[in-house]
1. If the Cβ limit is 6 Å and pairs must be 6+ apart or interchain, which residue in segment 171-187 that is touching a residue at least 40 places away in the same chain (Cβ under 8 Å) pairs with which residue that is β-branched (Val, Ile, Thr) and open to solvent by less than 60 Å² (accessible area, probe 1.4 Å)?
2. Restricting to segment 152-184, and then to whatever is surrounded by 12 or more Cβ atoms within 10 Å (Cβ to Cβ) and small (Gly, Ala, Ser), can you tell me which residue is nearest to residue 115 (Cα to Cα)?
3. Can you tell which of 172, 97 is more than 16 Å from the chain's Cα centre (by Cα) and either more than 18 Å from residue 192 (Cβ to Cβ) or among the aliphatic types (A, V, I, L, M) (or both)?
4. Look at segment 196-215 and say how many of its residues are open to solvent by less than 10 Å² (accessible area, probe 1.4 Å) and more than 23 Å from residue 159 (Cβ to Cβ).
5. Out of (1) within 18 Å of residue 211 (Cβ to Cβ); (2) of a type outside the set (D, E, K, R); (3) loosely packed, with under 14 Cβ neighbours inside 10 Å, what's the single condition that is false for residue 87?
6. Report, by residue number, each residue of segment 185-195 that is touching a strand residue (DSSP E or B) at 6+ places or on another chain (Cβ under 8 Å), at pLDDT below 95 and surrounded by 14 or more Cβ atoms within 10 Å (Cβ to Cβ).
7. How many residues does segment 130-166 hold that are of a type in the set (A, V, I, L, M) and part of a loop (DSSP other than H, G, I, E, B)?
8. From the list 183, 202, exactly one residue is in a helix (DSSP H, G or I) and hydrophobic (A, V, I, L, M, F, W, C). Which is it?
Amino acid sequence: MKHSIRFEYESHFFLSHEPTFKEKEIWLVVHGYGQLAEFFVRKFKSFYSPERLFIAPEGTNYNYLEGFQGRVGANWMTKHERETAIANNHRLLDKLIGSFMEHYEEKPKVHVLGFSQGAATATRWASNWTGKIDTLVLWSGGFALDLNIESANEAFAETEMFLVLGEKDDLITSESIQKQEELIQNLGKQVERLTFDGGHELDTEVLDKIINANK
């Protein structure tokens, strides 16, 4: 007989700098499968600014990347106990962003970037968060296919959205692109598509176009 118990859990996150709570922008950057937040946040180093705080949460599941030893990566879920993982992710991200927002007298803009597996995780959470998402960037990934269209339409009513793909990304298939296009059509929202000459990775030039456009 299966039962569940909820207990206090410690999770990790990394910041671009210690917050002054005077920042004008928060960027919540959600890493992909097999990555660690410590290294993911460094990919945005050239965009660090006293007025821009980057917050990189870390997935709560860990695994060895090869075999049973060596490098370890984090992930947001697997197919096992998937719904439980989704609920845990929502509670984690709610708690994390809330713990920062409560300290700001003048609320900063909130931008969310999800990379690869983190894109689906970000869209599920952002479509349920009670705050306003100013910008949503889905990079080398896309909207969760099980996204609640009704709640997403309401949550993203005033959100600027980007879908970024590398032209040499072997992990992105024509089938997955088609599914994304169908989902976007159902959303009825304007999503700007951007591409770059690269693979399953972040591109500084495209990042600059998105991040600095939101100053």
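1. Final answer for the pair search is 184/191.
2. 166
3. Of the residues listed, the single one that is more than 16 Å from the chain's Cα centre (by Cα) and either more than 18 Å from residue 192 (Cβ to Cβ) or among the aliphatic types (A, V, I, L, M) (or both) is 172.
4. Counting residues in segment 196-215 that are open to solvent by less than 10 Å² (accessible area, probe 1.4 Å) and more than 23 Å from residue 159 (Cβ to Cβ) gives 1.
5. So the condition that residue 87 fails would be (1).
6. Hit for segment 185-195 is 189, nothing else.
7. Within segment 130-166, residues that are of a type in the set (A, V, I, L, M) and part of a loop (DSSP other than H, G, I, E, B) number 5.
8. Unique residue meeting the criteria: 183.
The values are calculated or read from the model by the stated rules, or taken from the named source; none is laboratory data. Computed from a prediction, not measured in an experiment: that's the story for all the values here. We place every Cβ from the backbone using ideal geometry, glycine too, and count neighbours over all the protein chains shown. To get the accessible areas, we keep the full protein, side chains included, count just its heavy atoms, and leave off ligands, DNA and RNA. Shrake-Rupley method; radii C 1.70, N 1.55, O 1.52, S 1.80 Å.
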